[in-house]
Amino acid sequence: MTQIEAEPQTTQSTRAPVLDVVIPVYNEETDLGVCVRRLHAYLRAGFPFTARITIADNASTDATLAVAQLLATELDGVRVLHLDAKGRGRALRTAWTGSDAAVVAYMDVDLSTDLDALLPLVAPLVSGHSDLAIGTRLDAAARVVRGPKREIISRCYNLLLKTTLRAHFSDAQCGFKAVRTEVARELLPLVRDGEWFFDTELLVLAERAGLRIHEVPVDWIDDPDSRVDIIDTARKDLRGIWRLTRALATGALPLDDLRAAVGREPLVAGVPLGMVGQLVRFAIVGVSSTLAYIVLYLLLQPLFGGQGANLVALLVTAVGNTAANRTFTFGVRGRRDAVSHQFQGLAIFGFGLAITSGSLFALHRWAPEAPVAVELGVLVTANLVATLARFVGLRWVFRHAGSDRAVSTADGSVCRHSATEPAACVTTTGNPAADRPATTTIGVDSTHRPDLEVRR
């Protein structure tokens, strides 16, 4: 990225700021000056953290870039980042990745969100309590002024996210977000969208990685001059939802590696993340397998006798049990290592077979005239005894599943993630530089990151 330094201002700090507020713009020559000056005045009038404003101009065709350059020259703590390609997500990715601030944020150029929400947005990130923070217009405490059309579209979209992607955040598209820079650098390589779906994809990945997302109810007034093409945006959002749903279902995203990279590993050794949920899902699969086993045993016992019926019924349900636990309980998708997992599952099946066959043998030895109902009761009890061992065994089978996967990054590279080796990325095009938008930075910048600086 080419960088051009402006003349230093006498009031400008040479230290890296705590906060870098990015304003992505496209053809905003009329409103840019008023909005940036208003934000600049707010940040200089008692905001407790040092802050910088980055105007990210993504391929404007009017005088937006010239206005931005004038603002960078006139105001201390303002810089300009120019991209030759359009896309809000693309602009944010470039600005956030290259920032030296501790926290990066963005807001829409129209400043629809009341600026008094900025400190509640940023403070939990500066303190380290939360990893991302978003403004929400859909909280009961939010005060929003906008037409019924946009209100309905927004609520339907977020309901769709909850249904398809199991999202728990309330407002994906509010143009008022912040993230700790170190967290952003781990998430951004996995975010493929460069336009309006960028926000949603970032939040879904963060949520799946176990990151804390702080929500701030905002006061928000709709901009009647919004340039957003609702139909085109909705179409691209639906495509993004489908792509992300498929990636999560097939295991194409290295979520285990991401959790490790952002420090969302178990708090206590031996008590893995999501243990309770795994136990519940394992129990559901176990009950289903037991019912299937009972049905098969009753059908096969007259044909093969007790031992033969037990062997066949246990073998069939073991294969189904391993496949169901692989996908449903432990979240392993795709065909990779599926055969290996089944063979390891069969080893666990052998242990269960030894317990159940041994119990059946003991029953026939001591009570040879026992009816089928007694046989079945003994076998079910033996299966329950083997359940705990099966759960522990399957956790061992899937302990590294999904930690060595290839994933396409936003710049066209393919990265191989492994639990034991550093990530290795290979660019899939002949000219990597040509695939990324050219950028130019004008204004203040620094090359080091000291400890957080707080205004007194």
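Before moving on, here are some points about what is shown:
- Thr136 fulfils the conditions (1) surrounded by fewer than 20 Cβ atoms within 10 Å (Cβ to Cβ); (2) out of contact with any helix residue (DSSP H, G or I) (no Cβ under 8 Å at 6 or more places or on another chain); (3) in contact (Cβ under 8 Å) with a residue 60 or more places away in the chain except for a single criterion, (1).
- Criterion applied to Ala410, Ala324 was being open to solvent by 30 Å² or more (accessible area, probe 1.4 Å), out of contact with any Phe, Trp or Tyr (no Cβ under 6 Å at 6 or more places or on another chain), within 30 Å of Leu190 (Cβ to Cβ) and at pLDDT 80 or above, and the one residue passing it is Ala324.
One line per residue, one yes/no per condition, for (1) modelled with pLDDT of 95 or more; (2) assigned to a helix (DSSP H, G or I):
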| residue | (1), (2) |
| --- | --- |
| Ile4 | no, no |
| Thr10 | no, no |
| Thr14 | no, no |
| Cys35 | no, yes |
| Ala41 | yes, yes |
| Asp62 | no, no |
| Arg90 | no, yes |
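- All positions within the range 43-60 that are part of a helix (DSSP H, G or I) and open to solvent by 40 Å² or more (accessible area, probe 1.4 Å): Arg44
- Against the conditions (1) open to solvent by less than 10 Å² (accessible area, probe 1.4 Å); (2) touching a Phe, Trp or Tyr at 6+ places or on another chain (Cβ under 7 Å), Asp199 satisfies every one except (2).
- Residue match in the range 208-222 (condition: under 19 Å from Pro24 (Cα atoms) and not charged (D, E, K, R)): yes
- Only listed residue being open to solvent by 70 Å² or more (accessible area, probe 1.4 Å), at pLDDT 75 or above and either aromatic (Phe, Trp, Tyr) or on the phi < 0 side of the Ramachandran plot (or both), chosen from Glu369, Glu375: Glu369
- Lone qualifier among Thr381, Thr356 - being touching a residue at least 40 places away in the same chain (Cβ under 8 Å), assigned to a helix (DSSP H, G or I) and farther than 24 Å from Asp257 by Cβ: Thr356
- Ala309 vs. criteria small (Gly, Ala, Ser) and under 19 Å from Arg281 (Cα atoms): no
- Of the residues contained in the range 71-79, one or more are found to be within 16 Å of Val22 (Cα to Cα), within 30 Å of the chain's Cα centre (by Cα) and in contact (Cβ under 8 Å) with a residue 12 or more places away in the chain.
- Residue count for the range 101-119, restricted to those that are out of contact with any Ser or Thr (no Cβ under 7 Å at 6 or more places or on another chain) and within 15 Å of Val18 (Cβ to Cβ): 3
- Total residues in the range 327-344, condition over 30 Å from the mean Cα position of the chain (by Cα) and buried (at least 16 other Cβ atoms within 10 Å of the Cβ): 1
- Residue ranges of helices (runs of 4 or more DSSP H) in the range 191-283 with at least 3 members more than 27 Å from Val126 (Cα to Cα) and at pLDDT 80 or above: 230-250
- When we screen Arg212, Arg180 for residues that are charged (D, E, K, R), open to solvent by 50 Å² or more (accessible area, probe 1.4 Å) and more than 15 Å from Gly87 (Cβ to Cβ), the only hit is Arg212.
- Search result, residues across the range 153-168 that are surrounded by fewer than 21 Cβ atoms within 10 Å (Cβ to Cβ) and hydrophobic (A, V, I, L, M, F, W, C): Ile153, Cys156, Leu159, Leu160, Leu165, Ala167
The values are calculated or read from the model by the stated rules, or taken from the named source; none is laboratory data. The structure presented is a predicted model; accordingly, all values stated were derived computationally and were not measured. Counting neighbours? That spans all protein chains shown, and the Cβs are built from the backbone with ideal geometry, glycine included. All accessible areas refer to the heavy atoms of the entire protein, side chains included, with ligands and DNA or RNA removed. Shrake-Rupley method; radii C 1.70, N 1.55, O 1.52, S 1.80 Å.
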